[in-house]
Amino acid sequence: MKKILFTLAAILLTISINAQSFKHYRLDEVNGDTVQYLQKNFIDQKAYFVGKPFSKVLEIYLQDLPLKCSVTTTTTPWENPKDATKYIKGISISWFTEEEGWYHVDNDIKKILDLGILFEPPYNEADSYTNNIYDTDQKMTNHLKNYIVKEIKLL
């Protein structure tokens, strides 16, 4: 009976450890294909990041891609019936500049432009406050580094 319990405990521990493992794929390992890089590192392995601080996503992202644009995603007035304040609920980060992104949008080019990260609630920081005080993408992402990741998707 002890052997069975020990074996079961070892299997559960192995499953738990594997769920927390992460294999980093470098950009050159996917032939410079940014979408494949994001898919392999963040979408296919999103379970690794969920429940961890945003800083962990950013740490991996910055190993191979530049941070050229970051935009917070916010709640809507319908999510906040008490007031119309927009609260930060996530962030989109991109290796494209804002101008390059608008070029793709304006020319109707279907292209993955961002890595979208949704944070765990509660959402209690007003977007207007952070937009007024953080004038660079690095300052904004650094400010949000301790927010906990709930979801990651390609946008």
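The values are calculated or read from the model by the stated rules, or taken from the named source; none is laboratory data. All values derive from a computational prediction rather than experimental measurement. A quick note on method: Cβ atoms are made from the backbone with ideal geometry, for glycine too, and the neighbour counts reach across all protein chains shown. Heavy atoms of the whole protein, side chains included, go into the accessibility calculation; ligands, DNA and RNA do not. Shrake-Rupley method; radii C 1.70, N 1.55, O 1.52, S 1.80 Å.
List of remarks:
- Local electrostatic count at Ile148 - Lys and Arg +1, Asp and Glu -1, tallied over other residues with Cβ under 12 Å: +3
- 14 Å beta-carbon shell around Asp127, net charge (K/R +1, D/E -1): -1
- Heavy atoms of Tyr87: accessible area, 1.4 Å probe, square angstrom to 10: 50
- Net length gained if the chain between Ile133 and Ile43 were fully extended (0.36 nm per residue, minus Cα distance): 29.3 nm
- Element breakdown for segment 51-104 at a 1.4 angstrom probe: carbon and sulfur atoms account for 58% of the accessible area.
- Ratio of Rg to Rh for segment 40-87: 1.13 [Cα atoms; Kirkwood radius as inverse mean 1/r over pairs].
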